[in-house]
Amino acid sequence: MTYPKRLSQERERSLEQRLKAGDERALGELFDVAAPWILGLAFRILQDEDEAEEVVGDVFVQLWRHIDQHDGGRGPLVPWILSIARNRSLDVLRRRRRWWRKSAHLEQAQAAEASDPAVAAPHEAAVAGWPLHRAVHAALAALSEEQRRVVVLSYFEGLSHREIARRLDQPLGTVKTRLRMAHQKLTESLKHLKDWME
């Protein structure tokens, strides 16, 4: 088993100075050293390789944009980066759990409507979160068939990007693109329900 390399204090300080000066090569060097640590941490939290890889990318984008926020006097650079990775991973986990809760509520509401539409219709307002469920259902229905299929497999069945690609016999990049486009459309369609989404 190979372990990620550790940075000496001198090299870490040098990389930080170069990053603050806008040196992109320093970002690449730091990526080579820190990415395995970030990936390991994110995977431990998320248990999903695709999501963990996305966290790595997000962390380095955030690092590049906000390196000036790191105060070397308050601690080394790598632990600061790992704290960003931990927070980003927990955000992804919370988002995933919210989707699971929302999908469960949607399924319950749909089951109630399907079992007895005449009874369900007059009592829609009594179902907690009903406006959200109707809006989510409508937003999903507005997606293309391909986008809706990957969303259902990802958020409602909990499959990873790779598992979806295997199940649909499609390239991984195609699955990721469809999910990204669907997410953008859903975000736009549901932005008027921001208070429900929190």
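For the stretch 6-39, applying the loop criterion from DSSP together with a ceiling of 15 other beta carbons within 10 Å to the trypsin sites (Lys or Arg not before Pro) yields Arg6.
Taking θ as phi - 60° and the Karplus parameters 6.51, -1.76 and 1.60, the scalar couplings of the stretch 155-168 work out to 8, 9, 9, x, 7, 6, 4, 5, 5, 5, 4, 5, 5, 8 Hz in sequence order, x denoting glycine and proline.
Every read-out reported here was derived from the displayed coordinates using simple, explicitly stated rules and does not represent laboratory data. None of the values given here were measured: they were computed from a predicted structure. Virtual Cβ from ideal backbone geometry, glycine too; neighbours counted across all protein chains shown.
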